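Colleague: Have a look at this one.
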Amino acid sequence: MAAPVISADRLLLFGATGDLARRMLLPSLCALDADGLLPENLRIIGTARSEMDDGEFRNMAREALEKFLPAERRGSMAHFLNRLHYQGLDATTLEGYKALAEKVGPSNSEDGDGGLAIFLSTAPSLFGPTIAGLEHAGLTGEHVRIGLEKPLGTDLESSCAINDAVAEAFSEDRIFRIDHYLGKETVQNLLALRFANILFEPIWNSNYIDHVQITVGETVGLESRVAYYDDSGAMRDMVQNHMLQLLALVAMEPPTSFDATAVRDEKVKALRALRAVAPGEVVTGQYRAGAVDGEAVPGYDDELGKDSDTETFVAIKAHVDNWRWKGVPFYMRTGKRLPERVTEIVVKFRCVPHSIFESAGAGSSAGLQPNSLVIGIQPEENITLSLMAKVPGLGVDGVRLREVPLEITMPDAFVGQHRRIAYERLLLDLINADQTLFVRRDEVEAQWQWIDAIRRVWEANDIKPKTYSAGTWGPSAAIALAERDGVTWYE
Ligand code: BG6
């Protein structure tokens, strides 16, 4: 039987001096604290290889907060910083873990039985040794849960190896695999849009939907993650996790409730229904020198300092082989050094079956277009439904039609709500042991299975990325991938 859920009173952060901790985790925790959302007795213990004391860690945290968290969200920094403690650790040897356990200390909840939440954001090679160390130090009991940050492997086999190592010490109901896209407000809003409105579900199928597009464009290049990115590439960095999760949320059947098992059961069914991609249905690219936001930027090889075959762009035509989605392609594209930072999902509906306006005007089609629903995730959070309307006027040529947007801008609809960092939601759920927005093992495995099959085809056929200029929407073959089906990428 699953252990009863207990809010954590201790949060142990591995990788506490790293980039993710400074940019995202500490700012998220401070913002949660400012909003009074953290358990009052929660202590946060950071650990990483460097040696420092609590005071030095707090100073590092203060600097990170001043840099990465807007002043109006910081609340009382002193209150937050007082929660922080630090213990240096060489994660590869068992020795230091006992001292770490002492620093973590016993639960301070009244019944002495508070939970411990661990957040692991370390190199994949450290997963195994860290789990062994935690076990050695008695930090894996039934009230301990663990959050795992990517990369969790580079293919199905290595991902299974990591999952097996973690499963030695933690049951699946205590493993929280993070995909930070699930922490984004608009991504969760997709579920609200689909399942809290009667309007969409009846037409959310191949009878009414022509195709779906999912775009995650980034203007940045390699940033500081040269080695990681070159080993990974866009397919494993973005498609395997974030984009497939978005696809699953669009494609899944209605779950019976918004609960971890029900939601994830439906997502995994959609992921398992993905058809193996044919070689002509995937295009990869790598950026060359160009201009982004009006500034000249170097090509990938130059940024990297050597030649590489790693893809920085992927476009795929995917199919979900089930009753609902028969014949509806899902076009996905993602890349670095694209013209815009944008994440959006476009649902393109079919044309009306018969247009009464068709004959209006001499030989004119009156401008009739199929409807589309655009879910903007970033940079703007908005939902736009394009509808056809009559162009005002007394034209003698008959009725003229034009697309007009019905638009909901989330910040306008919910005035006074600030935009949250995705990790705020996820850290809070880890502390409160709610797995709904975390990825279950069977989902990850279905994702890798699909990705591995594509990569095997690349390897077997020695397929190399095509080039594209930085600041463009990828190689021309990516445009052709959609255009040969009569589809235009939404821009
Ligand atoms: C990360 C990838 O998971 O997501 C990065 O490793 C990418 O390469 C990032 O830049 C994008 O996240 P977001 O939230 O900025 O869209």
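Colleague: Return the pair list, or none, for Cβ contacts closer than 6 Å from residues in region 202-225 that are closer than 30 Å to residue 326 by Cα to residues that are of a type in the set (Val, Ile, Thr) and within 16 Å of the ligand (Cβ to nearest atom), at least 6 apart or on different chains.
Modeller: 214/345; 216/334; 216/343; 217/342
Colleague: Go through region 1-59 and count every residue that is in contact (Cβ under 8 Å) with a residue 12 or more places away in the chain and either in a strand (DSSP E or B) or on the phi > 0 side of the Ramachandran plot (or both).
Modeller: 14
Colleague: State the number of residues belonging to region 265-293 that are open to solvent by 10 Å² or more (accessible area, probe 1.4 Å) and part of a helix (DSSP H, G or I).
Modeller: 7
Colleague: Additional query: Given the condition in contact (Cβ under 8 Å) with a residue 12 or more places away in the chain and within 21 Å of the chain's Cα centre (by Cα), answer yes or no: does some residue in region 384-407 qualify?
Modeller: no
Colleague: Residues in region 244-265: is at least one of a type in the set (Gly, Ala, Ser) and either within 16 Å of the ligand (Cβ to nearest atom) or at positive phi (or both)?
Modeller: Looking for residues that are of a type in the set (Gly, Ala, Ser) and either within 16 Å of the ligand (Cβ to nearest atom) or at positive phi (or both), one finds none in region 244-265, hence no.
Colleague: Restricting attention to region 326-337, and to residues there that are surrounded by fewer than 24 Cβ atoms within 10 Å (Cβ to Cβ) and either part of a strand (DSSP E or B) or not aliphatic (A, V, I, L, M) (or both), which single residue is nearest to the ligand (Cβ to nearest atom)?
Modeller: 332
Colleague: Then there is this: Identify, from the list 430, 437, the residue that is out of contact with any helix residue (DSSP H, G or I) (no Cβ under 7 Å at 6 or more places or on another chain) and modelled with pLDDT of 95 or more.
Modeller: Result of the check over 430, 437: 430.
Colleague: Turning to a different aspect of this structure: Pull out all pairs, ordered by first then second residue, where Cβ-Cβ is under 7 Å, the residues are six or more apart or on different chains, the first lies in region 238-249 and is assigned by TED's automatic domain parsing to the domain that holds residue 450 and over 12 Å from residue 187 (Cα atoms), and the second is within 10 Å of the ligand (Cβ to nearest atom) and not in a helix (DSSP H, G or I).
Modeller: Sorted first by the residue in region 238-249, then by its partner, the pairs are 238/216; 238/334; 239/334; 241/150; 241/179.
Colleague: Oh, and also: Determine whether residue 340 is acidic (Asp, Glu), modelled with pLDDT of 95 or more and open to solvent by less than 20 Å² (accessible area, probe 1.4 Å).
Modeller: Criteria not met by residue 340.
Colleague: When you look at residue 197, is it assigned by TED's automatic domain parsing to the domain that holds residue 263 and more than 16 Å from the ligand (Cβ to nearest atom), yes or no?
Modeller: So residue 197 passes the test.
Colleague: Of all residues in region 119-170, which are open to solvent by 30 Å² or more (accessible area, probe 1.4 Å) and among the acidic types (Asp, Glu)?
Modeller: Selection gives 135, 142, 155, 157, 164, 168.
Colleague: Of these, 457, 415, which one is free of Cβ contacts under 8 Å to residues at least 12 places away in the same chain and either touching a Leu at 6+ places or on another chain (Cβ under 6 Å) or among the hydrophobic types (A, V, I, L, M, F, W, C) (or both)?
Modeller: From the options 457, 415, the qualifying one is 415.
Colleague: Taking residue 477 as meeting all but one of (1) crowded, with 16+ Cβ neighbours inside 10 Å; (2) in a helix (DSSP H, G or I); (3) in contact with a strand residue (DSSP E or B) (Cβ under 8 Å, 6 or more places away or on another chain), write down the number of the exception.
Modeller: If we test residue 477 against (1) crowded, with 16+ Cβ neighbours inside 10 Å; (2) in a helix (DSSP H, G or I); (3) in contact with a strand residue (DSSP E or B) (Cβ under 8 Å, 6 or more places away or on another chain), just (1) comes out false.
Colleague: Kindly indicate the residue of region 163-194 that is within 16 Å of the ligand (Cβ to nearest atom) and assigned to a loop (DSSP other than H, G, I, E, B) and also farthest from residue 124 (Cα to Cα) among those meeting that condition.
Modeller: If we take residues in region 163-194 being within 16 Å of the ligand (Cβ to nearest atom) and assigned to a loop (DSSP other than H, G, I, E, B), then 184 is farthest from residue 124 (Cα to Cα).
Colleague: Now, a different point. Tell me which residues, restricted to region 71-98, are open to solvent by 40 Å² or more (accessible area, probe 1.4 Å) and part of a helix (DSSP H, G or I).
Modeller: 71, 72, 78, 79, 98
The values are calculated or read from the model by the stated rules, or taken from the named source; none is laboratory data. Predicted model, so just to flag it, every value in this text is computed and none were measured. When we count neighbours, we look across all protein chains shown, and the Cβ atoms used for this are built from the backbone with ideal geometry, even at glycine. Side chains are part of the model used for accessible areas, which takes the heavy atoms of the whole protein and leaves out ligands, DNA and RNA. Shrake-Rupley method; radii C 1.70, N 1.55, O 1.52, S 1.80 Å.
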